[in-house]
Each structure stands twice: as structure tokens, then as C-alpha cells.
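The values are calculated or read from the model by the stated rules, or taken from the named source; none is laboratory data. Computed from a predicted model, the values in this text were never measured in an experiment. Positions of Cβ are backbone-derived with ideal geometry, glycine not excepted, and every protein chain shown enters the neighbour counts.
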Amino acid sequence: MADGKTDLLRGTLDMLILKTLSLQPLHGLGVSQRIEQVTGGVFQVKPGSLFPALHRLEQEGWIEGSWGESANNRRAKYYTLTAAGRRRLGEEKRNWAQVVLAITKVLEAT
Amino acid sequence: MRAYRRIISTFRSLFRKEELDRDLDEELASYLELLTAEKVRAGMSLEQARREARLELGGVEQVKEKVRERRVGYLIDTFFHDLRYAARTLRKNVGFTAVAIVILAIGIGASTALFTTIHAVLLRSIPFDEPDRLVVGRKTMDGRVAGPVSRVDYLDYRELTESFEELAALGWFTQSRTMTGGREAQLLRAIFVTWNLFKTLKVDPIVGRSFLLEDEQQGDGNVVLIDHGLWQTRFGGEPGAVGSTIHLDGFAYTIIGVMPRGFRFLFDVDVWHLIDRDVPIDRTRDSHSLLVVGRMKPSVQIEQAVVETGAIAAGLAEAYPETNRGKSLWLTDLHQFMVRGVSLNLQLLMATTALVLLIACANVAGLLLARGERRASEIAMRAALGASRSRLLRQLLTESVVLTCTAGLLGIGVAYLLQDGLLRLLPIGGLGLERPLVNSAALAFTLGVSIASGLLVGVIPALRGTALHPARQLGSARLFSQGAPSRRLQRTYVVMQVAISIALVVGSGTLIRSLAQLSAVDLGFDPRGLLTGEVGIQEDDYATPAERDLFFGSLLEEVQALPGVSSAALISKLPLRDLGTDWPVWPADQPPPTNQASFFAMARWVSPGYFETTGIPLVRGRDISESDGANSYPVIVLSEIAARSLFGESDPVGRTVRVRFSPVDQPFLVIGVVGDIRLNGLRRAPDAAMYMSARQVGGSSMGLIVRTSGDPRRLVSAVDDLVERKDPNVLFARPASMASVVDGWQAGFRVVVTALSLFSTVALILTAVGLYGVLAYHVNQRANEIGIRLAVGASSGQLVRMILGQGWTMVGPGLLLGLLAAYPATLLIRPLLYGIEPLDAPAYIAAIGIIALVTTLAASLPARRATRVNVVDVLAKQ
């Protein structure tokens, strides 16, 4: 049961992470906080799903991780969007737009 | 680019696993630190912030495990880990591992051995160029009976067909020819072929040339191709052999070529010679003796060829209604034709081994299931430490696959042993196929079977083993006893095993009974103490019938004078050794019937004393005697079936019959009636037969049959010497006792029956082991209850009955299922049965008896153990 839900969210999570990183490189905590902040707390990305997602995206070659200094001088792994990741984000956005459009049509049908 | 990245990262995660793990550790640590710092900034105390952060992160190990699972190289990585782990666990349980591996090795080994044979015989193509375009043609009459084709018809097919690149033909059987001219006479096997047979097969001689159309048309060529073996033994492999002359039965032939080593087509022969105009084969359309072999054009399917030959046959039927009405050509795939006798046997054996393997798998699955229960706490611990269910499943399955693959390795050894011993006996020698070897296909098969059975035995126990609640397991692992679903599963395995065993035992039972019936079959004559062999004389040395008479007459006299010989006789074709040759026969006072309407009887000619020598009873009239010579009226003796078919109930003695194709073109006087015998095989009903007088019909090659009071084989050299003394150019060829000839007819079947009985026994043993395992486990589990029962006064008899009853509750349903499954199974093997019906009561009753015995045996040990439960111990534990 629970698996089904995560699967559904996983695709969305990928898109949200890619979008977040397209604005600036961030470390793991930064990504989850940014998503929570932007969505007004609707999406809370737990480490249990965040890190697997980050590592998978890295393996796909869509983001790249490198160690750097955080704002208050702590070591943290920062993720940057790659060119492939940018293209991927574009695809996901288009798909998403289609899904939203389709669902909206269904909901507005009288 | 992306694929490249993937490969790189796969390798990275494989070989830099530790580095990646360290990296992940650091990343999570930094996450924690950052989160803590945030919370401190938000006003928490450092302590509180740390705790909150930890809570938010969840279990570090779980997160790490989840990330690892996402890695591409993870699967391979954990596979090796699982492999090591499996090897360790299996080593720790040597007893369990050994039992499981031995059980599986037997199953896998037997399947591999059988598969190799099946692969060689049934699946691999025959060793000719584009073999799937080769077909054989046989004659049909009114759509049934496949028999030889007439040469005249064949020539028309060859002329008219558009479907075939080449249409060739060869003799329906081989001939013995005596070769003279060397140091001593030598008996050769020869076969007639059309000039284009080798062109059809696309095989060329290695030395010399093949037959040409001109050889066939000239008809005076008398040219032969010889076998590689004969070339080596007789001509020392000299190329000069080509062009030299050999004498066969007194006729001169020129050798034009040598066939490649190992070449054989349907028959083992030394010499191929041409059917040419001068060969007295099938001069008319209603005499049939050829097997047609064709190579279809690349664009033609066998269905099209069938349609076309059907049309040609219809045309012939219209042009020659006398001989060809209802006659057609029946085309079969060459490969199918070659394996026709053995494919059912092999399929039966293969199915049997598959079932035995299934039983073995059920046993091992039962073992794994029982062990899974004992390992419940270990699994629960791993689950609690962050292993996901799929991870655990993979690990358990790796374990069972390691188990079965080890068994598979051993199984190859088992296969090798089995194959060498068992398959040598299988009736595949005469197929013209290579002897099967354990080859790469077989190894691939073994690997496939090993892995498949690993998954088969592993999947249910693994699913069961991992569907546990860690908390409950950890808390109560010690007290945990076998769950109901597991017990049900084990019972299901036993039920399945019993069912399969029953079906196998019933099947073996029907076949064993068939073999017994076949061994006890009434041949119509007495094979004991009979020596048989062939004697052929050179036509040009004995040109006149009188000379032949003299030779054979004195030979018989001298053989009869040998010590130990009670009588001897000659026959044109030895029963059960030389088959075929049936000719139309009809009462002489009736008009000659058409071929289709004719009654056929096996035509033989014999010397006086043949019936007495073989033990065929003379029912009425008299035997052929010395006085029935060339100058007296032709006589004939009919078998009872022939007599009844021609003359009904009236007395045939004194009537006359005519025989088509006979060398004597006069009516024959019926002088006697003899019993029917099986001339053409054990499974065939006795054939109608007619016996003419050898001195009237003639022939230069005869079968010699000698009755002795002792061992017939001891007479061979005496007869040999005698024949050679009489004429060095004559041989006593292919000597064999009649008993061994009869035995030869059963040999193949007996091997199949033996193998099947063996497999059924293995199945029974495995089933007994499975049943024993479940019951023993059961007694162990119920030791407390049994102890209390004993304490309150249960007798050991009651306990034994209880355990036996437990056994029977599992065996009962299996028995029922097995009996139900056995009937359709025996229907499938019906062609192999002889003299009994598929629903053979003795076989079924025996199967029930055997399974009852096995159940009792398997249950008796656990039952005895139950009665020995120590009451004091049990009560003390309570």
C-alpha cells in the first residue's frame, strides 16, 4: 500500500528536486527546506526519501554532488544541476503540464 | 553519454563501495549537523536540537540501506555478499545441505542425462545439408497403411513432380551379399538405391564419383559405391580400389567411389548398388519395395508437396485403375521418420524425470520451509537492522539457488554415469544419429534447471520466512512454533509427491505388465534351442536348380549329423529376422482379384522338416517332403489364418491356389495346414503365411535353422567349419540363437521399462523421505503433548495409530489425486502397452499396496520415537 504512494510521489519528488536545484546548488537539507518553504509546508521531504532520490538522480547523471562549505562554514555536499538534468527537468515539466491539464479537464467537465 | 555515465557509476559503486559508503556517512553526518545548527539558531538548546534532528532523520542505517538499494551496482554487489553468506550458512548446516544436494543432484542428473539424449535424438537435426527440406515417401492404400512404393510409380513421380529438387528411392530393406575373391568369403550388407540418392542427400564420395543418370539408364553398368569401413578393411584405404572389380553373389561389380567415413543413411550397409533395368525389383505397379526420399525445392513447403504428389497419384489412379486405385504417396519429414520408434519412449522418460525432479524439489522445499522456521529470529533480526523484504527475499533465494547449482554440478557427474550406463542400452543405435554426449547444450540445460529449481524450491519458503513481524519474532523467537500455514504447505508438498509417485508407479506397473505379457507371448513356435543363420551360395557356381538342390540337401544332411543337433531345416526368410514379403494369393478356381481386393500372405519357401524343426504344429495334411522337387507338381502349405481366409471352414487340403509374383507360374496344390506364427514382430498379431517348397521355388540365399538339445551358440563354429569345408565361397553368416533374436525385439522396451521402474523407485524413496521428514518434525513439535498423553495412560499402540493416522491424512488425498491422474497418463503411453488395457486393475492395486507400504515404513520411525518420549523429562519441563 505504502509503496504505491511513494512510487506516485517519487516522480514528482524528482521534478521538485531538479527544479529546486535549477535555481542554485544546494545541499540535502537545503533542498528539503526549500521545497517545504516554497510549497508552504505541503511537501515535507524526509531524509528517508530525500537521500535515495538524490543518489539516484546523481547516478542518472542529472545532478552532480561535490563537497563545499555551507553558509556558516560547515562541510556539506552540494548538488548542482547538470545539462542533462536541465533537459530532464524540461521533459518533466511538460509531462506535468499535460497531466495537470488532463486532470483539470476531468474535474471541470460538467 | 548517459549509458557511459551509468557504466562508470556502476563500476564506481562496485569497486569504490567503501568510498561511497564513507561519503554517504559524511553526508548524513553533515545533514545532522546542519539540521542541529538550524534548530539551535531557532532557539533550542544544543541537546534538544540534537535529539530532534536525530528523530527527524530517522534511523541512519535505514536511510543508508535505502540509498544503497538505489545504487545501480547494488544488485551485483549484494549478490556477491549473498553468495558468501549463503555458502557460510550452508556450510554451517552440513547435514541439511548434504541431504538437499544429494536429493537434487539425483533429480537434476537424471534430467540432464535424458535431456542430452532427447536433444541428440529428437531435437538436433540430422547430419545432412538443409535437413528440413528432406522428406520420405511411403505408399498409402485408401489413406491408410504406410508401406513401400512401387518402382514404376516412383519413376512417374520423379518424372512429373515440380516440388522436388531431387526425388530418389532406396530399398525398403537391405540384402545380404556374399563377396568372394579375397582370402575368404565375406558377407556384406547391401542396398539398392536410385542414382540420385546421394545427390538428394547432398553427400559426395570422398574418392571416385557418385552414381550418374547414365549408370541407371544403361542398365549394364553394375557399378557400386562402397562404405568407408569396407574400403579400409578390404582395400587398405587405397585410392586404387576405385575402378577395381568385386564379386557379389557371383556377379561382377565395378567400384566407382567410396563414401565418407561415418556416412550412413537409414541402414548400415557396406555396399550401395543401383536399381537399374536389369535388377528384378518392382517391374510392375503392384509390386512395392522402395522407400522414396526427396529434397524439396527451397520455396516449397511439405503441405504443397503433399498436394502435388496427391494430384500425381490421382492421375496414376485414373490411368492405371487396376493397380493404382486408392494408392497415394504419404510424405513425412525425414527426421520424424527416423525417430518414429523412439520418440514416445524418450518423451515418456523425459516426463518421468521431470516429475522425479519435481518430487525432489518438493522435498528440498519442505526442508527449506522447516529450516526457515528455525531461522525466523535471524531473519527478524536482519529486518530490524534495516534489511527490506526484497533484500531478504533475494538473500534467501540466493541461498536456495546456490544449493541447487551445487547440486547441478554434482548432477552433471550423475548424468555422465547414468548416460553411459543407461543410454547405451536405449534403442537409438539404429537411427543413424551420433551418440549423444554431455555437451554445451546439456550444460546450459543443467544450469537452467538448477536455477529454475532453486527458485522453485526457494520462493515459497522465502516468502513465508520473510512475511514476519520483527517485533513479535524477536520477542518470542524461542517459543515460536511452526505456524499453521507452513504446516499446510508441507502437507501440500507431501500430497503432491504422493500423487506424482502414484501416477508413476501405476504407469510403471502397466509397462511392467506389458513387458511380462510380451515375454510370455505365444510365438507359435518354440525358440528355445534354435540356432539361426544365413547361407548364401554364388549364383555362377551353382547355375542350375539341381546343383543348388544338391548343395543345400547335402548341407542339411551334414548339419543334422553334427553331434547335439536333433534336426535342421532351411527357410527363405528367417522368422523375426527377415521381415516382409507378402504376396497376393487366391483360390485357383476364382478369377485373379485386383491388388486392392487381394488377400496377402507372407511368402516363404522351406526345406522338408522345417515345421518339425521350429515346432510349428501341423494341423492337417502333410509336410513338404523330399519328393516335392522341381519336376513334381508345385505344393504349398498354408497357415491357419491363410487357410481360413481363403477357404473358410472347408478343408483346403487338395485345393489349388495361385500366388502372384511367385517364380513358379502354376497353381499350387495345398498339401497341409500349419499353425500361425509371429513372423514380423512380437507386438504384431500372427501373420497369415504360406510355405512353398524350396526345391520348387529356388533361391541362392537361405536361412538355416538348427534345433539342438544344448546351447545353440556352441554349435556356431561347427556349422561354420562345415559350410567352409563344403565350399570356401559360402558363409554361415550372422549366426544368432532364436532366443536372442526374440530377446532383441524386447530389448529396447525392457530398457525403457527398467529405467521407468528405477525412476519410480527413486520417486517413492524421495516421497518416503518427505513424508518421514514431516512426520518426524510433527512428533518433535508434539513431544510435550505426547508425553502428557503417555502420562495419563495412552498405550504405545494408540500413539502409533495416531502418528500413522497423521501420515495417512496426507497420503490419502495424494493417493486419490494420483489415481485420478494415472488414468490419462496411461492413455498417453497406450502405444507402448501390450496385452493390457490402460485401466489395468493389478497395476492400480499394486500401486495402492506399494504406497501403503511406503507410508507405513515412513511413519514407523517417527511413531516409534513417539512411543519413546520420556514422560519424566516432559513433565519436568512443564
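Points worth noting:
- Any hit, the range B:191-209, residues being outside any helix (DSSP H, G or I), modelled with pLDDT under 85 and either surrounded by fewer than 19 Cβ atoms within 10 Å (Cβ to Cβ) or not polar (S, T, N, Q) (or both): no
- Residue list for the range B:840-854, filter: assigned to a helix (DSSP H, G or I) and either buried (at least 17 other Cβ atoms within 10 Å of the Cβ) or touching a His at 6+ places or on another chain (Cβ under 6 Å) (or both): B:Ala843, B:Tyr844, B:Ala846, B:Ala847, B:Ile850, B:Ile851, B:Val854
- Check on B:Ala763, under 30 Å from B:Thr112 (Cα atoms) and either in contact (Cβ under 8 Å) with a residue 60 or more places away in the chain or in a helix (DSSP H, G or I) (or both): yes
- Here B:Glu612 does not fit the description of being among the charged types (D, E, K, R) and farther than 29 Å from B:Arg528 by Cα.
Matching residues to (1) more than 10 Å from chain B (Cβ to nearest Cβ); (2) in a helix (DSSP H, G or I):
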site	(1), (2)
A:His55	no, yes
A:Gln59	no, yes
A:Gly65	no, no
A:Asn73	yes, no
A:Ala84	no, yes
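- Filter pass, B:Ala747 being free of Cβ contacts under 8 Å to residues at least 40 places away in the same chain and either out of contact with any strand residue (DSSP E or B) (no Cβ under 8 Å at 6 or more places or on another chain) or assigned to a helix (DSSP H, G or I) (or both): no
- Qualifying residue in the range B:267-283 (condition: touching a Ser or Thr at 6+ places or on another chain (Cβ under 7 Å), closer than 30 Å to B:Pro728 by Cβ and in a strand (DSSP E or B)): yes
- Test: residue in the range B:56-78 that is at pLDDT 70 or above, within 14 Å of chain A (Cβ to nearest Cβ) and at positive phi: yes
- Taking the criterion of being surrounded by 21 or more Cβ atoms within 10 Å (Cβ to Cβ) and either at the interface with chain B (Cβ under 8 Å from one of its Cβ atoms) or aromatic (Phe, Trp, Tyr) (or both), the residues of the range A:42-52 that qualify are A:Pro47, A:Phe51, A:Pro52.
- Strands (runs of 3 or more DSSP E) lying entirely in the range B:535-642 (those with 2 or more residues that are in contact (Cβ under 8 Å) with a residue 12 or more places away in the chain and among the small types (Gly, Ala, Ser)): B:565-571, B:599-606
- Residue, nearest to the chain's Cα centre (by Cα), within the range A:1-45, restricted to residues that are modelled with pLDDT of 85 or more and hydroxyl-bearing (Ser, Thr, Tyr): A:Thr20
- Boolean, B:Ile803 is over 19 Å from B:Gln490 (Cβ atoms), assigned to a helix (DSSP H, G or I) and not assigned by TED's automatic domain parsing to the domain that holds B:Leu682: no
- If you check B:Pro593, B:Pro608, B:Pro652 for being over 30 Å from B:Gly529 (Cβ atoms), crowded, with 20+ Cβ neighbours inside 10 Å and assigned by TED's automatic domain parsing to the domain that holds B:Ser572, only one passes: B:Pro652.
- In the range B:42-54, the residue that is farthest from A:Trp67 (Cα to Cα) out of those that are of a type in the set (A, V, I, L, M, F, W, C) and more than 10 Å from every other protein chain (Cβ to nearest Cβ) is B:Met44.
- In the range B:682-709, the residues that are modelled with pLDDT of 85 or more, not in a strand (DSSP E or B) and not charged (D, E, K, R): B:Leu682, B:Ala685, B:Pro686, B:Ala688, B:Ala694, B:Gln696, B:Ser709
- When residues in the range B:29-41 are screened for being more than 7 Å from every other protein chain (Cβ to nearest Cβ) and in contact with a helix residue (DSSP H, G or I) (Cβ under 8 Å, 6 or more places away or on another chain), 5 of them pass.
- Scanning the range B:248-266 for residues that are at pLDDT 85 or above and assigned to a strand (DSSP E or B) yields a total of 6.
- For the range B:682-733, filtered to residues that are buried (at least 16 other Cβ atoms within 10 Å of the Cβ) and among the basic types (Lys, Arg), the residue that is farthest from B:Leu530 (Cα to Cα) is B:Arg695.
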